[in-house]
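The values are calculated or read from the model by the stated rules, or taken from the named source; none is laboratory data. Here the structure is a predicted model, which means the values were calculated and not measured. Glycine also receives a Cβ, built like all others from the backbone with ideal geometry; neighbour counts cover every protein chain displayed.
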Amino acid sequence: MNDVMREFWDLKPAVVVGVVIYAVFLFAMYTLKKRRGISWRYLAELAFCVYGASLLKLTGIFSMPYSLAGIKSYNLVPFIDSTFVPVLLNFLLFLPYGFLLPLVFPSRKWTWKKLLCIGAGTSLCIEVLQFFGGRYAEIDDVLLNTLGALSGYFIYTCIVLFRKNRKKAVFSFASLTAALAVCFCGIYLVGDREEQLPDGLSAVESSISEIRIYAKGDRQAIPPESDLYNRFAAQLSNCAGHLLEANSVSGGGMINDSDCFIEVKFDAPQTISFSNAAGFVISDADRLLYNADRNILYWGKSGYRFCVDYAKLDTDLKEHEADIFAQYQVLREMIAQAFE
């Protein structure tokens, strides 16, 4: 759940972009005398722009390293390993889409079939882009996004119908609720019902006592809600495919004046596991230190005693080395920019 809240916290720039885009659009419409006066419809249009920008941010459309030789990971078997929270979030992600489309474009002759095609097509395009962007593409996402868009459209029709026939509107809404309950119960029965424990640093965030970054001999503290720490936490959790051979280290001097580092200290020793790296566990560690230039993670208790080299890739990932290290480089640049 911490990862979910972190994603929504990161939506602030997308909200600003959506507002700016709509402001430019509205200014152009008034300049061209296509609009006059003020209408409640403008709020719906603004919401649509903010939602669109947020959707692109959440799905990573503009931040993924696209490549025809990208890491093509996908799942075409629906709901086998599904868990409740991701299923619900994928459904809710497209719910505003189906609601806002007929609200913003009322002149179109909307039907549930047309909305179904648009919702499915939009979701499919996003999954295809993620497929070539090195992210995991799933048929689950397409089905749930489409169901969310269709449900949003039916909610819109219920609200419109409520003004004409309240009983029919209430019946339609109750029918929709019942249908969704059946769908989610079915997904629950075929999905993975094992308890999903917090992963990586998100499981121990409440025990963090201090976070520091280092560059060129300088250092400064950063808060856990900062974009820089969030990037670091996500990078550690996305370590699937690495060899992850833990080695012993001795002595100090891990921090130097030439490289960029991020250091996390805890108020008590922690055990940190990563679902994307089976068998790799950081045990009894009250501190972490990551060298963002050399991609080495150190940890230990009252000092640094172990390390893992993220620059050592599994054989299957060697051909994607450039794309992977380009993503690693972002964290190093963020640390360096923090001192400018």
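With the condition being of a type in the set (A, V, I, L, M), over 30 Å from GLN329 (Cβ atoms) and at pLDDT 80 or above, I'd like the helices (runs of 4 or more DSSP H) fully within region 1-84 carrying at least 3 qualifying residues. Give the derivation first.
Details: elements: 2-9, 12-31, 41-59.
Helices (runs of 4 or more DSSP H) meeting the threshold: 12-31, 41-59.
Would you mind stating whether THR157 is of a type in the set (Val, Ile, Thr) and under 22 Å from the mean Cα position of the chain (by Cα)?
Numbers: of a type in the set (Val, Ile, Thr): yes; under 22 Å from the mean Cα position of the chain (by Cα): no.
For THR157, the condition - of a type in the set (Val, Ile, Thr) and under 22 Å from the mean Cα position of the chain (by Cα) - is not met.
Pull up region 193-209, narrow it to residues that are within 25 Å of GLY253 (Cα to Cα) and surrounded by 13 or more Cβ atoms within 10 Å (Cβ to Cβ), then point me to the one that is modelled with the lowest pLDDT.
That would be LEU201.
When residues of region 113-128 are filtered for being touching a Ser or Thr at 6+ places or on another chain (Cβ under 8 Å) and surrounded by fewer than 21 Cβ atoms within 10 Å (Cβ to Cβ), how many remain? Give the derivation first.
Applying the first criterion (touching a Ser or Thr at 6+ places or on another chain (Cβ under 8 Å)) to region 113-128 yields 116, 119-120, 123, 126.
Remaining after also requiring surrounded by fewer than 21 Cβ atoms within 10 Å (Cβ to Cβ): 116, 120.
Residues that pass the stated criteria total 2.
List, please: which pairs have Cβ atoms under 7 Å, are six or more places apart or on different chains, and start with a residue in region 157-172 that is assigned by TED's automatic domain parsing to the domain that holds PHE105 and end with one that is of a type in the set (Val, Ile, Thr) and surrounded by 15 or more Cβ atoms within 10 Å (Cβ to Cβ)?
none
Here is a yes/no grid of residues against (1) under 24 Å from the mean Cα position of the chain (by Cα); (2) surrounded by fewer than 19 Cβ atoms within 10 Å (Cβ to Cβ); (3) basic (Lys, Arg); (4) not in a strand (DSSP E or B):
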position: ILE262; (1), (2), (3), (4): yes, no, no, no
position: ALA268; (1), (2), (3), (4): no, yes, no, no
position: THR271; (1), (2), (3), (4): no, yes, no, no
position: ASP284; (1), (2), (3), (4): no, yes, no, no
position: ARG287; (1), (2), (3), (4): no, no, yes, no
position: ARG294; (1), (2), (3), (4): no, yes, yes, yes
position: TRP299; (1), (2), (3), (4): no, no, no, no
position: GLY303; (1), (2), (3), (4): no, yes, no, yes
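Within region 30-60, count every residue that is surrounded by fewer than 17 Cβ atoms within 10 Å (Cβ to Cβ) and of a type in the set (Phe, Trp, Tyr).
So the answer is 3.
Only residues that are at pLDDT below 90 and among the hydroxyl-bearing types (Ser, Thr, Tyr): list them for region 249-280, please.
SER250, SER273, SER275
Any residue at all in region 257-280 that is farther than 17 Å from SER209 by Cα and touching a Pro at 6+ places or on another chain (Cβ under 9 Å)?
no
Please identify the pairs in which a residue from region 19-37 that is farther than 15 Å from CYS49 by Cα has its Cβ atom under 6 Å from the Cβ atom of a residue that is surrounded by 11 or more Cβ atoms within 10 Å (Cβ to Cβ) and among the aliphatic types (A, V, I, L, M), counting only partners at least 6 apart or on another chain.
ARG35/MET29
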